[in-house]
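The next block holds one structure in the form of structure tokens; read it before the comments.
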Amino acid sequence: MHANHLLLEEPIRMASILEPSKPSFFPAMTKIVGTLGPKSRSVEIISGCLKTGMSVARFDFSWGNTAFHQETLENLKVAIKSTKKLCAVMLDTVGPELQVVNKTEQPISLLADSLVTLTPDQDKEASSNLLPINFTGLSKAVKAGDTIFIGQYLFTGSETTSVWLEVTEIKGEDVVCLIKNSATLAGSLFTLHVSQIRIDLPTLTDKDKEVISTWGARNNIDFLSLSYTRHAEDVRHAREFLSKLGDLSQTQIFAKIENVEGLNHFDEILQEADGIILSRGNLGIDLPPEKVFLFQKAAVYKCNMAGKPAVVTRVVDSMTDNLRPTRAEATDVANAVLDGSDAILLGAETLRGLYPVETISIVGKICAEAEKVYNQDLYFKRTVKYVGEPMTHLESIASSAVRAAIKVKASVIICFTSSGRAARLIAKYRPTMPVLSVVIPRLKTNQLRWTFTGAFEARQSLIVRGLFPMLADPRHPAESTNATNESVLKVALDHGKASGVIKPHDRVVVCQKVGDASVVKIIELED
């Protein structure tokens, strides 16, 4: 049984399936983004999330005010200090999201085959036959026969908590719909999604801009997750906005692909963005279910070849209420890793789920198992072929470092970098061993004060598969005489030994700059 097309090591020994998994310092090479919310904002729970493998904390502004999120972030900082685990911060914008406004927060029961009216009049109370929404242009955007989906925010698509509607008629600004299934909408916020219809609202709304320029700027966010990205222009517009906010010019923009429009412009969006989030919740509603896997495989492949992180969402929905995922979900997580995803993003599962720490732990274990059988050799050849010749100087160094590490069975690759680019390029070739990215801070001035850069670059590698950052002492620059380089290398090796990645007699591949030259060297460690 040889799988030429599957990124799987063949053949897998049945006996290895029965062997217990060995614990390791890095839970998995694939990263986990956890959404912090009501059920996961105490210092204790966040510490548990960090220990079990969360490396990026996502703050979702679709609900909750800035004071609520600030308090959560302060707790995160305390947890980072106590666990000594680095964690990056991602701000998720609301974007042009359509919402049902339920002021009373009472559950709303909807009965199949009866009618319900969607109205832009937000002063009215939500009931079984009237749902106020936050958008005045719905009656102009839809026509009879269109499908509308309403579910609790971060809906799981469960037929008892979400509802399918079919538009029957337009009455002025109101839209009358036929209810297709009986359901109870519980909670304060429901998201409304219209299949394959363009909603004429800006991608970066005024509310988003306000949150970014206050909360985002104050907290130096590492990533901006741009909801409902539909065109490359959306990313350019967001970058222009960030560039005016001091340090946020360094913030990376991850484009969230949530609908067919974003899908149609995927290639140009990928060129502009720093990474891609495949929002499978909304996409699963916009696309026929049988097409979702195709999009995932094609999109992740394109991200891999471009060397940009691909993040997959909505993997273990059932763990929102249960302690174990379904078999289908466990398989889905593993397949996302085998497809080449950099990170798995958990939404409802950690935001309002009952078992945030257990969810992160299980997802990490599944990722680690999938990584063991990932066909690195096939992937490496494919990437080299895609890049083509002549390679750029950096690309050639990165691929050579990975090839050398695999040939000598190195336990780790150590890469010295100041911008983080060299380390990301090494990670692009998906080495089987962890890459310690030693970020060397640079001193810069704006004539008024001196600042060190490097913290952003270190944290931003926390979303890239296989990259594990450490911030070096600025007194040991990356590009300098051999003597100081050896000392910063010693710090990196000691870090590796302390964390159990490097043992006596191991081989280590080092990628560094000496003067103007880039050097890849292999070190064999003594006792």
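The values are calculated or read from the model by the stated rules, or taken from the named source; none is laboratory data. All figures in this text were calculated on a predicted structure; none of them were measured in a lab. For neighbour counting, all protein chains shown are included, and Cβ atoms are generated from backbone atoms with ideal geometry for every residue, glycine included. In case anyone asks, the SASA skips ligands and DNA or RNA and just uses the protein heavy atoms, side chains included. Shrake-Rupley method; radii C 1.70, N 1.55, O 1.52, S 1.80 Å.
If you take the Cα centroid of segment 86-106 and the Cα centroid of segment 385-401, the two points sit 41 Å apart.
Computed with a 1.4 Å probe over protein heavy atoms only, the accessible area of His505 comes to about 120 Å². Note on surface exposure: Leu467, Leu448 rank Leu448, Leu467 by accessible area, highest first, 1.4 Å probe.
Taking amide H atoms as placed 1.01 Å from N in the peptide plane, the amide H of Thr313 lies under 5 Å from those of Leu278, Arg280, Leu345, each 5 or more residues away in sequence or on another chain. Label sites at Ala67 and Met391, each approximated as a point 7 angstrom past Cα along Cα to Cβ, lie 5.5 nm apart. Taking a straight line from the alpha carbon of Lys171, these lysines sit under 27 Å away, with near neighbours fewer than eight places off in the same chain left out: Lys103, Lys124, Lys140, Lys143, Lys180. Close amide H contacts of Asn129 (hydrogens built in the peptide plane, cut-off under 5 Å, sequence separation of 5 or more or a different chain): none are found. Packing, taken as the mean count of other beta carbons within 10 Å per residue, orders the peptides 331-342, 370-381, 430-441 from highest to lowest as 430-441, 331-342, 370-381. Computed over neighbours whose Cβ is under 13 Å from that of Ala144, the net charge equals -1, Lys and Arg +1, Asp and Glu -1. Amide H contacts for Ile197 (H built 1.01 Å from N in the peptide plane; partners 5 or more residues away or on another chain; cut-off under 5 Å): none found. Here the gap between Asp146 and Ser128, fully extended at 0.36 nm per residue and compared with their Cα-Cα distance, gives a gain of 4.4 nm. Cut-off 18 Å, label point 7 angstrom out along Cα-to-Cβ of Leu178: give me the residues of segment 116-136 whose amide nitrogen falls inside. Residues 116-118, 129 fall inside that zone. For segment 287-398, with all protein chains in place and a probe radius of 1.4 Å, 60% of the accessible heavy-atom surface sits on carbon or sulfur. Computed from the C-beta positions of Lys407 and Arg324 and an R0 of 30 Å, the FRET efficiency is 0.15 to the nearest 0.05. For Phe254, the solvent-accessible surface with a 1.4 Å probe is about 0 Å², rounded to the nearest 10. Per residue, the accessible area of segment 251-381 comes to 35 Å², computed with a 1.4 Å probe over protein heavy atoms only. Which one, Asn134, Leu50, Val509, is farthest towards the positive end of the dipole of the chain when Lys and Arg carry +1 and Asp and Glu -1 on their Cβ? Towards the positive end, the residue furthest out is Val509.
Relative to the current alpha-carbon distance between Gln447 and Leu201, full extension at 0.36 nm per residue lengthens the span by 84.5 nm.
3J(HN,Hα) couplings calculated from phi for segment 302-318 with the Karplus curve 6.51 cos²θ - 1.76 cosθ + 1.60 (θ = phi - 60°) are, in sequence order, 5, 4, 4, 5, 7, x, 10, x, 10, 10, 10, 10, 6, 10, 10, 3, 5 Hz; Gly and Pro show x. Ligands, DNA and RNA are left out, and with a 1.4 angstrom probe the accessible area of segment 31-90 is 37 Å² per residue.
With axes computed from alpha carbons, what is the tilt in degrees of helix 66-83 against the longest principal axis of the chain, rounded to the nearest 10 within 0 to 90? So the helix axis and the longest Cα principal axis differ by about 30 degrees.
Shown for segment 31-165: the carbon plus sulfur share of the solvent-accessible area, taken with all protein chains present and a 1.4 angstrom probe, equals 54%. Computed 3J(HN,Hα) for segment 278-291, one whole-Hz value per residue from the Karplus formula 6.51 cos²θ - 1.76 cosθ + 1.60 where θ = phi - 60°, is 8, 7, 6, x, 6, 4, x, 8, 6, 9, x, x, 6, 9, glycine and proline marked x.
The slack between Thr214 and Lys521, meaning 0.36 nm per residue of separation minus the straight C-alpha distance, is 106.0 nm. Counting lysine pairs in segment 241-350 that sit 8 or more residues apart in sequence, or on different chains, and whose Cα atoms lie under 20 Å apart gives 6. Heavy-atom accessible surface of Lys143, to the nearest 10 Å², is about 120 Å², with a 1.4 Å probe and all protein chains retained.
Among residues other than Leu270 with Cβ under 12 Å from its Cβ, the summed charge is -2 (Lys and Arg +1, Asp and Glu -1). Cα centroid separation, segment 22-73 to segment 298-371: 14 Å. How far is it, in nm, from the label point at Ala298 to the one at Val43 when both lie 7 Å from their Cα along the line to the Cβ? Each label point is offset 7 Å from its Cα along the Cβ direction, giving 5.0 nm. Among residues other than Arg41 with Cβ under 13 Å from its Cβ, the summed charge is 0 (Lys and Arg +1, Asp and Glu -1).
Our coupling estimate for segment 365-378, obtained by passing each phi through the Karplus curve with A = 6.51, B = -1.76, C = 1.60 and θ = phi - 60°, is 5, 5, 4, 4, 5, 5, 5, 5, 10, 5, 7, 5, 4, 5 Hz, Gly and Pro reported as x.
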